[in-house]
1. If I ask for residues that are within 16 Å of residue A:95 (Cα to Cα) and not in a helix (DSSP H, G or I), which ones from the stretch A:1-53 would you list?
2. Restricting attention to the stretch A:36-52, does a residue exist that is more than 28 Å from residue B:768 (Cβ to Cβ) and hydroxyl-bearing (Ser, Thr, Tyr)?
3. For the stretch B:655-665, what are the residues that are in contact (Cβ under 8 Å) with a residue 24 or more places away in the chain and surrounded by 18 or more Cβ atoms within 10 Å (Cβ to Cβ)?
4. Only residues that are more than 20 Å from residue B:733 (Cα to Cα) and of a type in the set (A, V, I, L, M): list them for the stretch B:568-616, please.
5. Read through the list (1) surrounded by 17 or more Cβ atoms within 10 Å (Cβ to Cβ); (2) not in a loop (DSSP other than H, G, I, E, B), then give the number of the only condition that residue B:607 fails.
6. Take residue B:69 and tell me if it is touching a Leu at 6+ places or on another chain (Cβ under 9 Å), more than 11 Å from chain A (Cβ to nearest Cβ) and surrounded by 14 or more Cβ atoms within 10 Å (Cβ to Cβ).
7. Consider residue B:567 against the criteria (1) more than 24 Å from residue B:698 (Cα to Cα); (2) without any contact (Cβ under 8 Å) to a residue 12 or more places away in the chain; (3) assigned to a helix (DSSP H, G or I): it satisfies all of them except one. Which criterion is unmet?
8. Sort out which residues of the stretch A:79-99 are farther than 14 Å from residue A:47 by Cα and either at the interface with another protein chain (Cβ under 10 Å from one of its Cβ atoms) or among the hydrophobic types (A, V, I, L, M, F, W, C) (or both), and write them in order of number.
Amino acid sequence: MRLFITTILIIFFAAIAELLSPWWSIALVSFVFGFMTDLQKWKAFIAGFAGIGLLWLAEVFWIDVDNGHILSEKLAVLFHLPHYSLMILIASLLGAMVGGMSAWSGILARKMFLK
Amino acid sequence: MKYLFMRIFAGLFVCALTITFIFFLDKPLGNMPAIGKLLDPIKGCWVAAEPVNKNIDASFGLPGLQQEAIVWFDERLVAHIQAANDHDLYFIQGYIHAYFRLWQMDMETRAAAGRISEVAGEKALTFDRTQRRKGMVYGAENSLTAMESEPHTKTMIDAYTAGVNKYISSLRYWELPIEYKLMNFKPEQWTNIKTALLLKYMADDLTGYSEDIPLTILRDSLPSSDFNLLFPEKIAEATPVIPTGTVFAKPSLPALQTPNDTVWAHFKMSDFTMSRAEGVGSNSWAISGINTSNGWPILCNDPHLALNLPSLWYEVQLTAPGIDVYGVSLPGAPGVIIGFNDNIAWGFTNNYRDVKDHYLIKPVNNNNKMYWYAGRQMSFSERIEHIQIKGQADFTDTVKYTIHGPVMYDENFEGPGGLKKAIAVCWTGHQATNELLSIYCLNRANDYAAFTDAIIHFECPGQNMVYADRVGNIAMWGQGKFVHKWKGQGRFVMNGADSSASWKDYIPMHENPHVLNPPCGYVSSANQETTDSTYPYWYIGYFKEFRAWRINSLLSSLKHATVQDMFRLQNDTYSILAASVLPDMLNYLPVSLTEDEMKYYEELKKWDYYLRPTSIAATIFQIWWEKLYQNIWQDNFEHIPVKIWPSNERTMQLIKRDSSSKFFNNWKTLAVEHLRDVVSLSYIETIDSIYKLEKGNKTEWYKAKNTAITHLAKLQAFSFNEIKIGGWGNAINAATNDHGPSWRMVVQAGNEMDAYGIYPGGQSGNPGSKYYSDFIADWAQGKYYHLHILKEKNRGKPKNMKYKWEIKVQ
């Protein structure tokens, strides 16, 4: 339950942070929630990974649907990918990795100071 | 204690790893963009993914605007700008060009100025140096002075620049066109010189080609009888732009004496080290009312230019008091370049008269600051060119300027074929010409007199200007600023120390070749010879004849023409080269052919000479012709350091009229070959190539030739390949691999102009927009759009208009 709530909070605050500050603010949000919610280490990683991954997936997905895949198809060619959906997947995975690593860093940083 | 240590170590390690990971996602590596920043859904490349049903209706204020203005966009996103005065009109045009095409404007002007290395790195350095050394910036600065000292063009260009900058300064990072994000640079402020540079870029594209150096080598290495036979000054049987029989006025300038032979420069083979090579073409014509079905004249134009995305052209209607013009504009410059208004229509094709000459500079011994001219020692003036290179130290080039012009090639920058001598370039494009004034007047011209007054200011690039009006006139002008030359002047590299080699007077503009309402009832131009030999001034150029032969043969028999006939004509893929030469080629083949050879022989035999997209015969013929051309000339010219071979036209004439010519013999073999042998050999090679194409399923003509529309940064992802279109450079529909009809326009005069047009691209420069490439398929199929000429000035939504911008004063 705590994992689920943390994920939701990361999605919510990352979505706001993205609008106001550079893209890497998603890492700060994930770090902070990793630090604050005393999850197990792997769960913290999952919360960040799923939170940012889902956020980016949803955002790119809607942008892409509205766009009729015009851009994603071109980006897929640019990145040597066989299908536009992979482009969306890769973008989301990249966000997910950033989120996961940051949240994991957060919980490990916490453990450095607090037992 | 041990656990605490491990926790701290693990914590620090993972944090450091995460920070490094994010750091690299935020930094561009080499040519790779910052990948995290790029893929960010909110501010990265995805911003370019425009919703397909995006409503661009808007109401906003623009500081700098003097009175309220309205822009309507139709369903193809053509902007119809309605402004209250000239200033606002060009201000908004600048804003809109930037809104839809900013990156393209930026890149094209960078290319003109030799500033590509700044954003693309060292690989562009040779290109940049070439641009600087040929005097592009020097020419643009001169033209800028002319534009800024003329009040109309000053208003025009100042307002345009302000409009572009208004848009640029409103941009935040995430709103930048996607190419900026991929290439990792930012737009800089627009300046008037950038517009001047863009116009010089066009001038260079259209008049920059030169054969002076290779022709000089050939003249010195071939017997003069051979040289004259293969490279005639004028091609026989030309059907000139200004029809034969047109009476030219007596020249106001006296004929000039050709100086003695010391006026020429000569090269030795040892002056060269290696090899480089290539040109463009366009069609235009106008038909008088006597030859059209409804009695109104029709004007047609399809300038052939490099096929790129974002497209070279931006379609627009400009309306303000005193002006209501529709046509295509160049993003980066104000006004409409080719188009029509309520009273007249006009079009351009490249004139191809030679306006660029080369001089061999004789430096003073032991003094690199001086050179010889007219028996005197003159000082070079030096222009320092600083070229910034992305990721590297700046490169500084010193370009020496002579009385003739900049020293383009010297020991520091080799010329064609690796020529190491100092060669100065004299080009009308270097001069303070003001083509913008011509555009300003042309857009407002309402009759033939106003048209001729307008085009007088169009000096470089020289253009064949076709004209039709509502009164029923049709006209053609071979317009430009042309030097009054002695016979032969500038055909070869000249001796720069000899003052008789210099340009002196210019031919008065009103004596440029022109014709109004010729008896044949039509005018046409397709880059062929401008006039027959009765024109009193001597000139040469890089003319091409095939398309003109076809156009003139069709127009001369056309009666009751309609705009639909014109569509068919512009999309005509008939190869006059094939029609003339293929029957002969087939006759020269041996009687006994293998089964496969016979198969293709039959294919060619029943071919009707149309280069249709799916034709296989077209592919066979084109390859056969290329091989034949290669086999005829290769051995004769391989010792020439720059590739220059006789024209296709000349080669065709030789095959048809002089089948026993010694040039058909390959002098590298012991045997003596005849035309028959070269044709057969080429045929066998052709069959071999066709086999290879068959394996890749590429025998259809459109696949074999691969007409591609390439993104300006050569990004394949934003480009289109294998466009399904027929034609070739020798057909009216001149779609080659990278050039083609860039704007097909057909305008029939009438009480209201009835206009049709299409260009291979789309109104938006954004690869993520559905308007980026939406015209391409229709263009390839030869379709046209009916152009909506907006007349309503009321507040309601006019017919055919989709979106509206209300721009308020702020």
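1. A:21, A:22, A:23, A:24
2. Scanning the stretch A:36-52, I find at least one residue that is more than 28 Å from residue B:768 (Cβ to Cβ) and hydroxyl-bearing (Ser, Thr, Tyr), so the answer is yes.
3. Once the filter is applied, which keeps residues that are in contact (Cβ under 8 Å) with a residue 24 or more places away in the chain and surrounded by 18 or more Cβ atoms within 10 Å (Cβ to Cβ), the stretch B:655-665 yields B:655, B:663, B:664.
4. The answer is B:585, B:586, B:589, B:591, B:593, B:598, B:604.
5. All conditions are met except number (2).
6. Answer is yes for this residue.
7. Failing condition for residue B:567: (2).
8. A:79, A:80, A:81, A:86, A:87, A:88, A:89, A:90, A:91, A:92, A:94
The values are calculated or read from the model by the stated rules, or taken from the named source; none is laboratory data. Since we're looking at a predicted model, the values are computed, not measured. Glycine also receives a Cβ, built like all others from the backbone with ideal geometry; neighbour counts cover every protein chain displayed.
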